[in-house]
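One structure is given here, and the rest of the page talks about it.
The values are calculated or read from the model by the stated rules, or taken from the named source; none is laboratory data. Just so we're clear, the structure is a prediction, and the values are computed from it rather than from any experiment. So basically every Cβ, Gly included, is an ideal-geometry build from the backbone, and we count neighbours across all protein chains shown. These accessible areas exclude ligands, DNA and RNA; they are computed on the full protein's heavy atoms, side chains included. Shrake-Rupley method; radii C 1.70, N 1.55, O 1.52, S 1.80 Å.
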Amino acid sequence: MCGIVAYLGEKEAQPLLLDGLRRLEYRGYDSSGIATLDHGVLKIAKKKGHVQALATHLSSTPIGGKIGISHTRWATHGAASDANAHPHTDQSGRLAIVHNGVVENYLALKHRLTALGHTFKSETDTEILAHLIGHYYDACNEPDRLLKAVRAALREVSGTYGIAVLHQDHPGLLVGARRGSPLLIGIAKDGHFFTSDVMAIGGHAGQVIELKDGDIATITADTHAVTTIDGGDADFIVKQVEASEAISELGSFPHYMLKEVFDQPQALRDAFRGRLDREASTVKLGGLRMTSEELRRIERIVIVGCGTARHSGLVGEYLIETLANLPVEVEYASEFRYRNTPMDPRTLVFAVSQSGETLDTLGALREAQRKGYRALGICNRVGSTMPRESDGGVYMHAGPEIGVAATKSFTSQVMIFTLIALLLGRMRYLSAAQGQELIDGIEALPGLVEKLLAQNDAIKKVAEKYHKVRSMIFLGRLHHVPVAMEGALKMKEITYINAEGYPAAELKHGIIALIDEETPTVLICPKDSVYDKNASTLQEIKARKGPVIAVATEGDTQIGTLADDVLYIPDAPEILQPILASIPLQLFAYHCAVLLGRDVDKPRNLAKSVTVE
Ligand code: F6R
């Protein structure tokens, strides 16, 4: 959510910053801006809208300088406008700041600064922070006064931040700090960067330092230093930038979402690669950092996550309960962190997050740890905050996901839960033969997904028929209830069509009132243990003239005669079907969105990684 890139070195800053902003745009795209020191003078350009609006403006009015900060915004305080775009300046107009996060006590700070004579140009909390730093800067005469001023201001801030600060009187220095919002130092041959996401500097910087919460850092063209906001020493590790962290290429695909849907066979292979143990018919997950004895002692599992990640947890609940006979609760991370959920010492917590940065999920993970529970992460972004703070976990290895709508991260998360369920199951009830059968099924899945993706054009035709409707219903039973919910989430977030997912049997308890000729129902009804029940649901909808789009198993001719349209998935063991059933729904939503002319990769009001509460 929001993105920061800052540079100081031998090269011109503007092109590097713009390039970084373009790569970070998926994190927020309400407005963007940059500030540089052009011949020693602070110059700022900012524009409402996508980074392209800023780039167009800068192509006619470039700003020079070899030092600069930049930002792409997802609005929290104040509407998306030129005035509210970052960077913001202090009262003197000589200090500029970019900020990710939320200053929660901004109103109290604003009143205090207003009483001191400060005036503000925007509605943002960030501008207050700029003024607060400026206030301390003016009160200090020491040579490291910029660092001292940032420290003093941040000690008064409650809330979250990742910031980069530039001052006209310090042309060879940038200051950055973080609490609750990621910030990294990038080390390049020709200079240094600050960024909220390594993807912004891939190809430019070969090494990074991931700052920790409470760290403050200074960079010059050829040095970097990290201390704590409290004034203490800070440890840091310099890491090589992995190839997988570099920019993801779109290739011949028109949108990242479509590319990422088609990445799924490989993402699934990468999720289980090296983790299947055929000899013992089980799974090896060293990252859990738990002995077999510790895993065997677990009596209950709590899964926390948001949005799509939570939906994967709901599939995980079904998988773990079925294969390992362990009770599982799935909680909204945002609720868990404030609720007093009863837990017992033999509870294991999983925090699921593609980005590893979602603040609600991070808060839930920290809350679980505060209460003394072992909390593990299931994350995609290597080196993000959750894997660093959790007691262990499993990386998804899905590769960068740029499209705001999560696709391959969902199926990868479900794959990881399948592995965890198999591991826990083999320690409890599953026989070796059942384990082998599952391993065979897991290894066959990527091939089945490839087969399924070949139906892209057929799915597009179905989208052509339905994309103009005002609302849709998604239904499934058992492990396909979360798939229905996820299908509905995909549909609403990228098409803005009203869509909700429910357990199919709930239809009779109220939802059926919505059924009419204009409201299609997507019914997930492959050949499984509840096939006949789903066939009855289909009849009930047809009896009320509701159009039905069925997700059915290839070769199922019966469903073809009852439903209006069918999206076919290959046959697979029941326990592995959710991965297959979710993919036609991703493509269905994608094609509806394209046909409606939506901005598929950057739907309105959303951002990829939500680092505010
Ligand atoms: C939906 C979507 C969101 C995310 C949610 C959690 O397509 O992308 O619902 O799943 O914001 O994000 P992560 O997984 O990064 O914690």
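As I understand it, the dipole of the chain uses +1 on the Cβ of Lys and Arg and -1 on the Cβ of Asp and Glu, about the Cα centre. Which of Ala405, Leu288, Ala79 lies farthest toward its positive end?
Of the options given, the answer is Ala79.
What are the lysines whose alpha-carbon lies under 23 Å from the alpha-carbon of Lys461, with same-chain residues fewer than 8 places away excluded?
Straight-distance partners of Lys461: Lys259, Lys408, Lys451, Lys490, Lys492, Lys542, Lys545.
Does region 256-453 classify as rounded, prolate or oblate by the C-alpha gyration tensor (a ≥ b ≥ c root eigenvalues; a/c under 1.5 gives rounded; else a/b over b/c gives prolate, otherwise oblate)?
oblate
Please compute the length gained on full extension between Thr119 and Lys465, using 0.36 nm multiplied by the number of residues separating them and subtracting their Cα-Cα distance.
119.0 nm
Going by amide H atoms built from the backbone, whose H comes under 5 Å of the H on Leu276, apart from near neighbours?
Counting only residues 5 or more places away or on other chains, the set is Lys284.
Between Ala79 and Asp457, what is 0.36 nm times their sequence separation minus the Cα-Cα distance? Round to one decimal in nm.
132.1 nm
With the dipole of the chain worked out from charges on the C-beta (+1 for Lys and Arg, -1 for Asp and Glu) around the Cα centre, which of Val328, Ser609, Thr160 lies farthest toward the positive end?
The listed residue farthest towards the positive side: Thr160.
Just to confirm a number: summing +1 for Lys and Arg and -1 for Asp and Glu over residues other than Ile524 whose beta-carbon lies under 11 angstrom from that of Ile524, what do you get?
Neighbour charge sum, excluding Ile524 itself: -1.
Kindly report the accessible area of region 455-613 per residue (heavy atoms of protein chains, probe 1.4 Å, no ligands, DNA or RNA), in Å².
38 Å²
Using a basic spin-label model with each label point 7 Å from the Cα along Cα→Cβ, how many nm lie between Thr322 and Lys508?
Placing both labels 7 Å along Cα→Cβ, they lie 2.3 nm apart.
Carbon and sulfur atoms: what percent of the 1.4 Å accessible area of region 455-613 do they account for?
50 percent
Say R0 is 60 Å: what FRET efficiency, to the nearest 0.05, do Asn141 and Leu596 get from their beta-carbon distance?
That pair, Asn141 with Leu596, gives E of 0.50.
Relative contact order (percent) for region 455-613, with alpha-carbon contacts under 8 angstrom and 6 or more residues of separation?
Computed value for region 455-613: 27 percent relative contact order.
How far, in degrees from 0 to 90, does helix 456-466 lean away from the longest principal axis of the Cα atoms of the chain, to the nearest 10?
90 degrees
Relative contact order for the chain: what percent, with Cα pairs under 8 Å and sequence separation of 6 or more?
It comes to 12 percent, rounded to a whole number.
Excluding residues on the same chain fewer than 8 positions from Lys121, give the lysines whose Cα lies under 29 Å from its Cα.
Here the lysines satisfying the reach criterion relative to Lys121 are Lys43, Lys46, Lys47, Lys48, Lys66, Lys110, Lys148, Lys602, Lys608.
Using only the alpha carbons, work out the radius of gyration and Dmax of the chain in angstrom.
Computed over the Cα atoms of the chain, radius of gyration and Dmax are 25.5, 82 Å.
Once you have the Cα-Cα distance between Leu107 and Glu437, take 0.36 nm times their residue separation minus that, and quote the gain in nm to one decimal.
112.8 nm
Counting DSSP beta bridges with both partners in the chain, what percentage is antiparallel, nearest 5?
Around 60 percent of the beta bridges assigned by DSSP in the chain are antiparallel ones.
What's log10 of I(q)/I(0) for region 3-246 at q = 0.07 Å⁻¹, Debye sum over Cα points only, no solvent?
-0.19
Could you let me know the centre-to-centre spacing of region 468-501 and region 578-613, using Cα atoms, in angstrom?
Here the two parts' Cα centres lie 11 Å apart.
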